[in-house]
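Input: a single structure, listed below in structure tokens.
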Amino acid sequence: MLGYTLLFLIIALIAGTLGFGVIAGTAAMIARVCFFIFLVLFVFSLVRGAKPAA
């Protein structure tokens, strides 16, 4: 998941540099959504793993 975030971030940076504003904005938005999904799943796995198994 974090790999996709970095991929879309790089695409957004390249597209922004070359002047493709719409593509850069879309790629940045996708990167942001992927990052937040990754962050939520990471925190969930930390909380889930911290509880001892009954």
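Values in this text are rule-based calculations from the coordinates and carry no lab data. As the structure is a prediction and not an experimental result, all values here were calculated from the model. Heads up, the Cβs are rebuilt from the backbone with ideal geometry, glycines too, and the neighbour counts pull from every protein chain shown.
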Query raised in the report: Within the range 14-47, which residues are in a loop (DSSP other than H, G, I, E, B) and surrounded by fewer than 15 Cβ atoms within 10 Å (Cβ to Cβ)?
Result: Gly19
Query raised in the report: Which condition number in (1) without any contact (Cβ under 8 Å) to a residue 24 or more places away in the chain; (2) surrounded by 10 or more Cβ atoms within 10 Å (Cβ to Cβ); (3) among the hydroxyl-bearing types (Ser, Thr, Tyr) is the one that Thr5 fails?
Result: (1)
